[in-house]
Amino acid sequence: MTYIAKPRLHHPLLKPNGLGFTRRDYEGKVSTLCAGCGHDSISSAIIQACFDLDVPPHRLAKLSGIGCSSKTPDYFLGASHGFNSVHGRMPSVLTGANLANRELIYLGVSGDGDSASIGLGQFAHSIRRGVNMTYIVENNGVYGLTKGQFSATSDLGSKSKRGAVNSDQPIELVGLALQLGASFVARSFSGDKAQLTPLIKAAILHEGAAFIDVISPCVQFNNHAGSTKSFDYVREHNAAVNRLDVILDRDEIVVDYEPGAVERVTQHDGSVLALRKLPDDYDPTDKLAAATRLQIHHAKGEILTGLIYLDPYARDLHHHLGTVQTPLNALSDADLVPGAAALADLNRSLR
Ligand SMILES: Cc1ncc(C[n+]2csc(CCOP(=O)(O)OP(=O)(O)O)c2C)c(N)n1
Ligand code: SF4
Ligand SMILES: [Mg+2]
């Protein structure tokens with residue numbers, strides 16, 4: 001039951017992308033999550049983003065920890081590299097893989113338990129090091145896989161399905177990512193694919209640590225009245241600061257925006273992020289304002305969504321360390337074992 005392969009039938013009218021692949025080519029196995037689980041909608045947004053960006057499936061590595069959320073990489077990008085690690089350990093495995101081969105696109109998928117509880121230290125260090133990755137937390141405020149315990153992102157005072165009230169302060173991952181130096185910080189809602197898909201695309205194109213917190217209701221254990229991560233609660237308290245469009249340098253710019261309503265930000269790779277501001281002048285490159293705005297909305301019980309912070313000039317861990325461009329598995333023996341004289345030189349330089 002756990003592994004159901006999808007039949008490889010392509011509808012003849014499915015449109016291919018620039019590589020000749022259909023959206024179907026970016027799918028994975030049949031999901032075994034509960035019907036209506038927010039995590040499946042996030043998988044669908046990831047599939048759409050990779051299809052739209054013409055990502056060659058073999059050039060992407062998807063990594064996860066343990067949890068319902070961490071199971072999802074099996075349900076998308078079936079032709080990509082995948083590594084399902086240990087609970088809370090995805091970030092260090094991803095960091096190692098990234099350092100060994102910088103030519104792949106890295107997508108880390110995690111849960112609120114996986115990243116804010118057992119994996120908090122790993123989350124923090126991968127973000128502060130600027131690992132070039134898209135780090136998605138599928139945040140349902142609960143340990144879904146182990147049947148509904150409060151997680152570290154459950155809000156103070158929120159109620160479990162059985163009526164217990166959470167007495168702990170929540171860890172707010174967006175604020176934390178901002179403080180830790182993530183150069184791309186966003187939040188979205190699994191029920192808002194129109195907002196989430198372009199955010200994932202922009203995060204993939206971003207060079208540096210891109211973090212997206214996606215509120216993703218657990219229909220089984222955290223979708224009742226009294227929960228602050230239910231579909232109804234998020235719909236009623238969603239405060240979007242902007243809407244994003246990603247324009248690749250190959251695209252013709254056909255959208256006509258009202259002057260003043262759009263800010264265009266160009267990233268290293270030439271892609272342009274067109275930010276439609278809602279409802280007032282929000283500048284996502286102002287870190288201090290972003291942190292303040294987060295606190296203001298949090299105090300009002302609102303969930304701030306959209307691209308909350310972006311450093312378009314960010315550089316990644318490889319840049320900071322000055323590593324070689326070539327993946328380690330493509331280096332020759334002579335490069336990898338430069339000899340005693342080179343080692344002596346290195347030791348001298350460190351004295
Ligand atoms: C080292 C370790 N501790 C505890 C567990 C048990 N465990 C499995 S998944 C999980 C929590 C998952 O919660 P989350 O990351 O929020 O994912 P969700 O299922 O909610 O998507 C726990 C505690 C484990 N697998 N390994
Ligand atoms: S238990 Fe919750 S998180 Fe897990 S698959 Fe079901 S709805 Fe999704
Ligand atoms: Mg969870």
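The values are calculated or read from the model by the stated rules, or taken from the named source; none is laboratory data. All figures in this text were calculated on a predicted structure; none of them were measured in a lab. All Cβ positions, even for glycine, are placed from backbone atoms using ideal geometry, and neighbour counts span all protein chains on display. Quick note on the areas: whole protein, heavy atoms, side chains included, nothing else; ligands and nucleic acids left out. Shrake-Rupley method; radii C 1.70, N 1.55, O 1.52, S 1.80 Å.
Worth a mention:
- Principal axis extents of the C-alpha atoms in the stretch 216-351 (largest first, rounded to whole Å): 67, 44, 30.
- Cut-off under 5 Å, modelled amide H: who pairs with Ser151 long-range: Val142, Tyr143
- Note on the chain: with neighbouring protein chains present and a 1.4 Å probe, carbon and sulfur make up 55 percent of its accessible heavy-atom surface.
- Placed amide H near Tyr135: partners under 5 Å, 5+ positions off or other chain: Gly108, Ala210, Phe211, Ile212
- Share, in percent, of DSSP beta bridges within the chain that are antiparallel, nearest 5: 40
- Subset of Lys29/Lys193; Lys71/Lys147; Lys6/Lys71; Lys29/Lys71 violating a 19 Å alpha-carbon distance limit: Lys29/Lys193
- Candidate aspartates and glutamates - alpha carbon under 15 Å from Lys287, same-chain residues fewer than 8 apart omitted: Asp311
- Over the C-alpha atoms of the stretch 117-186, the Rg to Rh ratio, Rh being the Kirkwood estimate, stands at 1.02.
- Distant-in-sequence amide H partners of Ala240 (H built 1.01 Å from N, under 5 Å): Thr305
- Distance between the pseudo-spin-label points of Glu236 and Tyr313 (7 Å out from Cα toward the beta carbon): 4.5 nm.
- Heavy atoms of Cys37 accessible to a 1.4 Å probe, total area in Å² rounded to 10: 20
- The accessible area of Leu244, taken with all protein chains in place and a 1.4 Å probe, comes to roughly 10 Å².
- Neighbour net charge for Pro7 - beta-carbon separation under 12 angstrom, K R +1, D E -1: +3
- Sorting the segments 23-30, 318-325 by their residues' average number of neighbouring beta-carbon atoms within 10 angstrom, most packed first, yields 23-30, 318-325.
- Candidate residues Leu104, Leu346: accessible-area rank, largest first, probe 1.4 Å: Leu346, Leu104
- The tail of the calculated P(r) for the chain, taken as Cα-Cα distances beyond 32 Å, holds 31 percent of the pairs.
- Structural size metrics of the stretch 121-272, computed from C-alpha coordinates, are Rg and Dmax of 17.4, 54 Å.
- Using θ = phi - 60° and Karplus 6.51 cos²θ - 1.76 cosθ + 1.60, couplings along the stretch 178-187 (whole Hz; Gly, Pro as x): 4, 5, 7, x, 4, 9, 9, 10, 9, 9
- Excluding same-chain neighbours fewer than eight residues apart, the lysines reachable from Lys300 by a Cα-Cα span under 17 Å are Lys229.
- Mean-square fluctuations from a GNM of the chain, with a 10 angstrom spring cutoff on Cα atoms, peak among Asn17, Asn139, Asn84 at Asn17.
- Principal axis extents of the C-alpha atoms in the stretch 165-240 (largest first, rounded to whole Å): 40, 29, 22.
- Evaluating 6.51 cos²θ - 1.76 cosθ + 1.60 at θ = phi - 60° for every residue in the stretch 325-339, the Karplus couplings come out as 6, 6, x, 4, 6, 9, 7, 7, 4, 5, 6, 7, 10, x, x Hz, glycine and proline recorded as x.
- Asp269 accessible area, assembled protein chains, probe 1.4 Å, Å²: 70
- The stretch 300-351 and the stretch 13-60: distance between their alpha carbon centers, rounded to Å: 30
- Stokes-Einstein D for the stretch 1-112, Kirkwood Rh over Cα pairs, 20 °C, 1.002 mPa s (µm²/s): 147
- From phi via Karplus (6.51, -1.76, 1.60), per-residue ³J(HN,Hα) for the stretch 156-170 in Hz, x at Gly/Pro: 4, x, 6, 9, 7, 4, 8, x, 5, 9, 6, 9, 9, 6, x
- With all protein chains kept in place, the per residue accessible area of the stretch 200-351 amounts to 55 square angstrom at a probe of 1.4 angstrom.
- Signed unit charges on C-beta, dipole axis of the chain, positive-most listed residue Ala344, Asn166, His237: Asn166
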